[in-house]
Amino acid sequence: MDVNDFDFELPESLIAQTPLKDRTASRLMILDKVTGEVKHRQFRQIVDELQAGDVIVLNDTRVLPARLIGTKEDTGASIEVLLLKETGSDEWETLVKPAKRVKVGTVVTFGDGRLEAECTEILEQGGRIFKFRYDGIFFEILDSLGQMPLPPYITETLDDQSRYQTVFAKERGSAAAPTAGLHFTEEILKEIKDKGVGVEFITLHVGLGTFRPVSVDSIEDHTMHSEYYQVTEKAANAINEAKAKGGNVIAIGTTSARTLETIASQNDGKIVPTSGWTSIFIYPGYEFSILDGMLTNFHLPKSTLIMLISALASREIVLAAYNEAVREKYRFFSFGDAMFIKPHKK
């Protein structure tokens, strides 16, 4: 299957640069995954689209303020360090700019010396391993010194860093937000629960690989990045029970979808309490093991994310809906509007 099959024309003006003041004020496109029927709503109306007995599954990962600006100890040159994932005790895989200035043994200091890092290894694709030294609690220091690592297509400054964090964010570890969850408030979640819909949380720490373009012509040749996930016994039992009773399992975002399908595809359609790394790549032709529907934002042309949702609906239905979203001037990407790929009536 050719990557160009997932291309569409997107005016740059439709890329949302800032979040709306009210998380629930975004627009919501309702898409029937079988018929292709489209309805235009406001996000707060998502409650009306869910049925008692359904379960929604949200990703409770917490984005690290992982972008650090420091100086080389020997020359005073400015160095940007982006934390990707923890590889050991106080050791992190990172991306650095400018990379050519950072050799093995280079020491970078941050915040007047409150945090110090020494490069211990240069990785094949240009990343660096840093060993950090500090007094106190690492994540508290990071909270005070770090900046949110916004996606490359967002060029404006984020005044309130909490807006790139879901209201239910809990487990530290992401380099990017699970953006479908940004639309929810505690009030909306309560309304959903009061309707008899289950609300469960899983964790997948989103890596920057989620923004990596597909650089091959045939999508079958693309290698997916790997991301860490974990699911509790409580969440697994609730999801399985809802499914067994005929309820729909609805992923909030592609990260939740990838986690659920990774586990269910290996366990005869069931969710089990587990943790591990997933590099699952879902594209048209994939047979879903547990997922019935999904809430998601509008994604980049030719991205693995639009390929995933094109597996849940169809490529033709999804691209037709995207073209309508462009005509109707929906806001795209992380701070944009949402699409609910609705379970077809059973």
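The values are calculated or read from the model by the stated rules, or taken from the named source; none is laboratory data. Since we're looking at a predicted model, the values are computed, not measured. Cβ placement follows ideal geometry from the backbone for every residue including glycine, while neighbour counts extend to all protein chains displayed. Note: areas computed on protein heavy atoms with side chains; ligands, DNA, RNA excluded. Shrake-Rupley method; radii C 1.70, N 1.55, O 1.52, S 1.80 Å.
Values computed for the structure shown
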| read-out | value |
| --- | --- |
| Among THR179, PRO273, ILE219 - extreme Cα towards positive end, dipole of the chain, charges at beta-carbon | THR179 |
| Test item: Cα-centred dipole of segment 179-297, Lys/Arg +1 and Asp/Glu -1 on Cβ, debye | 260 debye |
| Links that overshoot a 27 Å alpha carbon limit, given the list LYS21/LYS270; LYS170/LYS234; LYS195/LYS270; LYS270/LYS302 | LYS21/LYS270; LYS270/LYS302 |
| Ellipsoid equivalent to segment 243-287 - semi-axes via the Cα gyration tensor, in Å | 17, 14, 11 |
| Cross-link reach list, lysines versus LYS131, counting only Cα pairs under 19 Å and skipping chain neighbours closer than eight places | LYS72, LYS85, LYS97, LYS100, LYS103 |
| Total formal charge among the other residues, if their Cβ is under 11 angstrom from that of ASP5, Lys/Arg +1 and Asp/Glu -1 | -2 |
| Where labels lie 7 Å past Cα in the beta-carbon direction, separation of SER226 and VAL199 in nm | 3.5 nm |
| Taking segment 1-135 and dividing mean pair separation by its residue count, relative contact order in percent (alpha carbons under 8 Å, at least six apart) | 13 percent |
| Along each principal axis, Cα extent of segment 254-333, largest first, Å | 43, 21, 19 |
| Computed accessible area, TYR229, all protein chains, 1.4 angstrom probe, square angstrom | 10 Å² |
| Cα-centre dipole for segment 1-82 with unit charges at Cβ (Lys and Arg positive, Asp and Glu negative), debye to 20 | 520 debye |
| Per residue accessible area in Å² of segment 220-346, where ligands, DNA and RNA are left out and the probe is 1.4 Å | 39 Å² |
| Simple spin-label estimate for VAL47 and LYS329 in nanometres, 7 Å along Cα-Cβ | 2.9 nm |
| Percent of Cα pairs exceeding the 38 Å cut-off, where the set is the chain | 17 percent |
| Stretch gain in nm, segment GLU118-ILE137, where the contour uses 0.36 nm per residue and the Cα spacing is subtracted | 5.0 nm |
| Two-site label geometry, LYS270 and SER144: point separation in nm, points 7 Å out along Cα→Cβ | 4.9 nm |
| Accessible carbon and sulfur surface of the chain relative to its total accessible area, %, 1.4 Å | 46 percent |
| Segment 1-138 - charge dipole about Cα centre, Lys and Arg +1 at Cβ, Asp and Glu -1, debye rounded to 20 | 480 debye |
| Accessible area per residue in Å² at 1.4 Å probe, computed on segment 73-216 | 50 Å² |
| Under 5 Å, built H, 5+ apart or other chain: amide partners of LEU84 | GLU93, THR94, LEU95 |
| Segment 1-68-segment 292-337 distance, computed between alpha-carbon centres (Å) | 8 Å |
| Farthest toward positive dipole pole in segment 23-161 [+1 Lys/Arg, -1 Asp/Glu at C-beta], among ILE69, GLN45, LEU115 | GLN45 |
